[in-house]
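*Asks:* Dropping a structure here in structure tokens format, bear with me for questions.
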Amino acid sequence: MTQKQLEALGKKWQKRLRLLDWDIEFKFDKIPIPAHTDYIQEFKAATITVCTPVFYPLQIRPQNIDWSLIHEMLHLPTVSWRTENDAEEIMQEQALNQIA
């Protein structure tokens, strides 16, 4: 998948998940997890980084970029749920995994 294809796929899911009020950048990078989101809630701005396919850690599960984008985008409308409690954070991640 190319960067351009990732951006098109991200925009498709952004529209489908009704997150058009967010300014989201999509990019590939060599990261040790399937995907990661950095955001500034006050500005509704985010960067979603997806593990470059060639560096994807296959021991996690086969790479599914759609699933990773959906999961990461679901963090955006739920940023107010963030907590310092590790158990609650694990439960939130599990809930987003089930929804994605």
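The values are calculated or read from the model by the stated rules, or taken from the named source; none is laboratory data. What you see is a predicted model, and the numbers here were worked out from it, not measured in a lab. Because the Cβ atoms are built from the backbone with ideal geometry, glycine has one as well, and the counts that use them run over all protein chains shown.
*Asks:* Go through segment 44-56 and give me each residue that's in a strand (DSSP E or B), among the β-branched types (V, I, T) and in contact (Cβ under 8 Å) with a residue 24 or more places away in the chain.
*Replies:* I48, V50
*Asks:* Across segment 1-21, what is the total count of residues that are touching a residue at least 24 places away in the same chain (Cβ under 8 Å), assigned to a helix (DSSP H, G or I) and under 14 Å from W67 (Cα atoms)?
*Replies:* 5
*Asks:* Still on this structure, I have one more. Being at pLDDT 90 or above and touching a Ser or Thr at 6+ places or on another chain (Cβ under 7 Å) is the requirement here; does E7 meet it?
*Replies:* Spelling it out, it is not the case that E7 is at pLDDT 90 or above and touching a Ser or Thr at 6+ places or on another chain (Cβ under 7 Å).
*Asks:* If I filter segment 27-51 down to residues being buried (at least 16 other Cβ atoms within 10 Å of the Cβ) and over 13 Å from M73 (Cα atoms), which single residue comes out as modelled with the lowest pLDDT?
*Replies:* Of everything passing the filter in segment 27-51, P34 is modelled with the lowest pLDDT.
*Asks:* From the list V79, V54, pick out the single residue that is loosely packed, with under 15 Cβ neighbours inside 10 Å and out of contact with any strand residue (DSSP E or B) (no Cβ under 9 Å at 6 or more places or on another chain). Before the answer, list the steps.
*Replies:* Details: V79 fails: out of contact with any strand residue (DSSP E or B) (no Cβ under 9 Å at 6 or more places or on another chain).
Checking each option against the conditions leaves just V54.
*Asks:* Quick check on this structure: which one of L96, L74 is modelled with pLDDT of 75 or more, closer than 23 Å to Q41 by Cα and touching a helix residue (DSSP H, G or I) at 6+ places or on another chain (Cβ under 8 Å)?
*Replies:* L74
*Asks:* Something else now. Which condition breaks for L74 when tested against (1) in contact with a Phe, Trp or Tyr (Cβ under 9 Å, 6 or more places away or on another chain); (2) part of a helix (DSSP H, G or I)?
*Replies:* (1)
*Asks:* Look at I24 and say whether it is surrounded by fewer than 17 Cβ atoms within 10 Å (Cβ to Cβ), β-branched (V, I, T), in contact (Cβ under 8 Å) with a residue 24 or more places away in the chain and outside any helix (DSSP H, G or I).
*Replies:* The answer is no for I24.
*Asks:* Consider Q41 against the criteria (1) without any contact (Cβ under 8 Å) to a residue 12 or more places away in the chain; (2) out of contact with any strand residue (DSSP E or B) (no Cβ under 8 Å at 6 or more places or on another chain); (3) closer than 22 Å to E93 by Cβ; (4) not aliphatic (A, V, I, L, M): it satisfies all of them except one. Which criterion is unmet?
*Replies:* It fails just one condition, (1).
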